[in-house]
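Accompanying notes for the structure given below.
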Amino acid sequence: MKLLIFVLILFSLSSCAGIEEFDFRRSPDRKIKCLSVFDDLVAQERGWRLSDKRDSIALTEFDQSIQVTQSEYGRPSVANRIEKLSHSSFKDIKTMLQDNPIPYVMGPDGKRYIIDRHHFSLSFYEYRDEIERRFPKKAHKLKVEFQRVDLIGYPNSQELSFSQFERVMKRLKLVYLKGTEERGFGSLPRHLSGLREDHYRGLAWVMRKSKIFDKSDIPFAEFYWGEYYKKKLGKAHLPATSHPSFTEEHLRAALKVSLDSEASSLPGFKGDSNMSTAQIKARIEKAYQKLEEKGLINLLNRL
């Protein structure tokens, strides 16, 4: 089955490639249909697709109707978002919410099981009181946008039994249970405030911001990188404390192992086994400078 889907994807891509620029202008429907076929094939392969259905909830109460699908988070991402929010106008905050719908699967219990943007959600949850303080007359107008995820083969996920729903979510890798001893949905936090900080998940976000590896649309991609960093750096480079710091030595060590061939199976990997020592050093220096340019080194020093 997978081989057949792969062949169809290749056929779809070759068909798309054959559409010249003037063809698109004269007959845009053909291009759109081509892309739609490709999207459908990808959705069939991964078992889910983003639907066109969007809804919204007032910022003041959005966290009451969602269920997280991970138990941990990285502090740098949340701290960075909150810092940006503190310098954002009401219009900017409204646009930020509108342009970043939170994807979710509707569960049998009527809750939205969000499969991405946990850090985005936690940032707004933590900063919500400050938004109400800054904009007391307009804060009630802010809405958190959601985008429904359809499970292929299950047109109404709410009609599944809870055990069926859990099995499907696990099979499609739309839930990340590591850190919960894999006891199932029952071990996940019931609230955004229940998320626990994971230094390595935070480190993975910092590394992605350095461009040492690419952003991926694979759910929980940075958790996989976090596991890798914990394996490679946990004992050798981090102090034995409950809250290790992001030192320059630690960051450069993480940048180096990000290029190692051992990480080649991770989403967004950008290493090359043919790189010389000098080329690796240059890549590390460029990535570290990127963090400095973005102000992330200063941010990490304040955590």
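The values are calculated or read from the model by the stated rules, or taken from the named source; none is laboratory data. Computed from a predicted model, the values in this text were never measured in an experiment. Here the Cβ positions follow ideal geometry from the backbone for every residue, glycine too, while neighbour counts run over all protein chains shown.
Observations on the structure shown:
- Of all the criteria given as (1) crowded, with 17+ Cβ neighbours inside 10 Å; (2) modelled with pLDDT of 95 or more; (3) under 21 Å from the mean Cα position of the chain (by Cα), the one not satisfied by K211 is (1).
- Odd one out for L192 among (1) surrounded by fewer than 17 Cβ atoms within 10 Å (Cβ to Cβ); (2) within 22 Å of G74 (Cβ to Cβ): (1)
- Filter pass, S245 being more than 20 Å from S77 (Cα to Cα), assigned to a loop (DSSP other than H, G, I, E, B), in the same structural domain as F223 (by TED's automatic domain parsing) and of a type in the set (G, A, S): no
- Highlighted here are the helices (runs of 4 or more DSSP H) found entirely within region 84-189 that include at least 3 residues which are over 22 Å from the mean Cα position of the chain (by Cα): 118-134, 162-171.
- Scanning region 86-123 for residues that are within 18 Å of P76 (Cβ to Cβ), hydrophobic (A, V, I, L, M, F, W, C) and touching a Lys or Arg at 6+ places or on another chain (Cβ under 8 Å) yields a count of 1.
- Residue match in region 218-225 (condition: modelled with pLDDT under 90, of a type outside the set (K, R) and not assigned by TED's automatic domain parsing to the domain that holds L174): yes
- Residue match in region 228-237 (condition: part of a loop (DSSP other than H, G, I, E, B), within 24 Å of the chain's Cα centre (by Cα) and at pLDDT below 95): yes
- Condition met for D29 (of a type in the set (D, E), outside the structural domain of D129 (by TED's automatic domain parsing) and at pLDDT 50 or above): no
- Test: S163 is without any contact (Cβ under 8 Å) to a residue 24 or more places away in the chain, more than 17 Å from H119 (Cα to Cα) and among the polar types (S, T, N, Q): yes
- Residue in region 60-68 that is assigned by TED's automatic domain parsing to the domain that holds P136, surrounded by 19 or more Cβ atoms within 10 Å (Cβ to Cβ) and farther than 24 Å from K178 by Cα present: yes
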